[in-house]
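First the structure, in the form of structure tokens, and then the observations on it.
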Amino acid sequence: MNEEIKEDPVNGKKTEARHPEAVVGPLIYNDKGEILLIKNPKFKDFWTVPGGHIELNEPAVEALKREIMEETGLELKNIEPISFDEGISPEFFFKDKHFIYLNYLAELAGGEITKSDEMTEYLWVDPEETAGLKIASSVRPLIDIYLKRKNDGGDSWENKYKRALADYQNLLKQTAKDRI
């Protein structure tokens, strides 16, 4: 949790204030449909996704790109927000924290994966073959969202918009024909 010292305006006592921390993390997929899972020493022996804190005055997507580059050396494209959640003292984290997770889906754009202090192991895996892995509870819903999207034929907002636009254009054509 973010910690700061605050002074009570009434009695002048100084106390430590603790707040939830906003963090970003993507489920990264490659052109084979595999997803990237990592092991980070802060997350005990659980598989998780790379990510990290949003800095003051930093847009969330920029924080996401920065954190992924720092932790993995990878570049992302087609970044899409998919959910938000929170973790209050998650069992997989090494100390007591309260996180607000801003979760994304992102496609691998390039770069060479490199280990860092925050990534000791990595694994590209078919998301359908993750059942036997010890995965952080905050990551399992992201895998489920990805699988649903994959099985629904990539039903992104962009695809929904294109379908709705095509339906509208077809309706206009049909209406014009009916008037004749």
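The values are calculated or read from the model by the stated rules, or taken from the named source; none is laboratory data. Just so it is clear, the structure is predicted and the values come from calculations on it, not from any experiment. Heads up, the Cβs are rebuilt from the backbone with ideal geometry, glycines too, and the neighbour counts pull from every protein chain shown. To get the accessible areas, we keep the full protein, side chains included, count just its heavy atoms, and leave off ligands, DNA and RNA. Shrake-Rupley method; radii C 1.70, N 1.55, O 1.52, S 1.80 Å.
Quick notes
- So Ser138, is it polar (S, T, N, Q), in a strand (DSSP E or B) and either open to solvent by less than 100 Å² (accessible area, probe 1.4 Å) or touching a residue at least 24 places away in the same chain (Cβ under 8 Å) (or both): no
- Residue satisfying condition, being within 23 Å of His53 (Cβ to Cβ), modelled with pLDDT under 95 and surrounded by fewer than 13 Cβ atoms within 10 Å (Cβ to Cβ), within set Asp85, Asp152, Asp96: Asp96
- Matching residues in the range 67-82 - criterion: being surrounded by fewer than 18 Cβ atoms within 10 Å (Cβ to Cβ), more than 12 Å from the chain's Cα centre (by Cα) and part of a strand (DSSP E or B): Glu75, Lys77, Asn78
- Leu142 vs. criteria aliphatic (A, V, I, L, M), more than 18 Å from the chain's Cα centre (by Cα) and on the phi < 0 side of the Ramachandran plot: no
- Top-ranked residue of the range 103-135 - restricted to ones that are outside any strand (DSSP E or B) and of a type in the set (S, T, N, Q), ranked as least open to solvent (accessible area, probe 1.4 Å): Thr130
- Taking the range 155-178 as the range and being open to solvent by 100 Å² or more (accessible area, probe 1.4 Å) and either under 23 Å from Phe84 (Cα atoms) or at pLDDT 95 or above (or both) as the test, the residues that pass are Trp157, Glu158, Tyr161.
- Of all residues in the range 39-61 being under 17 Å from Ser138 (Cβ atoms) and charged (D, E, K, R), the one that is surrounded by the fewest Cβ atoms within 10 Å (Cβ to Cβ): Asp45
- Test result for Tyr146, open to solvent by 80 Å² or more (accessible area, probe 1.4 Å), outside any strand (DSSP E or B) and either more than 15 Å from Ile82 (Cα to Cα) or modelled with pLDDT of 90 or more (or both): no
- Residue that is among the hydrophobic types (A, V, I, L, M, F, W, C), without any contact (Cβ under 8 Å) to a residue 60 or more places away in the chain and open to solvent by less than 50 Å² (accessible area, probe 1.4 Å), where the choices are Leu27, Leu64, Leu36: Leu64
- Matching residues, the range 33-57, being under 23 Å from Glu128 (Cα atoms) and assigned to a loop (DSSP other than H, G, I, E, B): Gly33, Glu34, Asn40, Asp45, Phe46, Val49, Pro50, Gly51
- Condition check for Trp124: of a type in the set (A, V, I, L, M, F, W, C) and at pLDDT below 80: no
- Any pair with Cβ under 7 angstrom, 6 or more apart, that starts in the range 100-111 at a residue that is within 8 Å of Tyr29 (Cα to Cα) and ends at one that is open to solvent by 50 Å² or more (accessible area, probe 1.4 Å) and assigned to a strand (DSSP E or B): Ala106/Asn78; Glu107/Lys77; Glu107/Asn78
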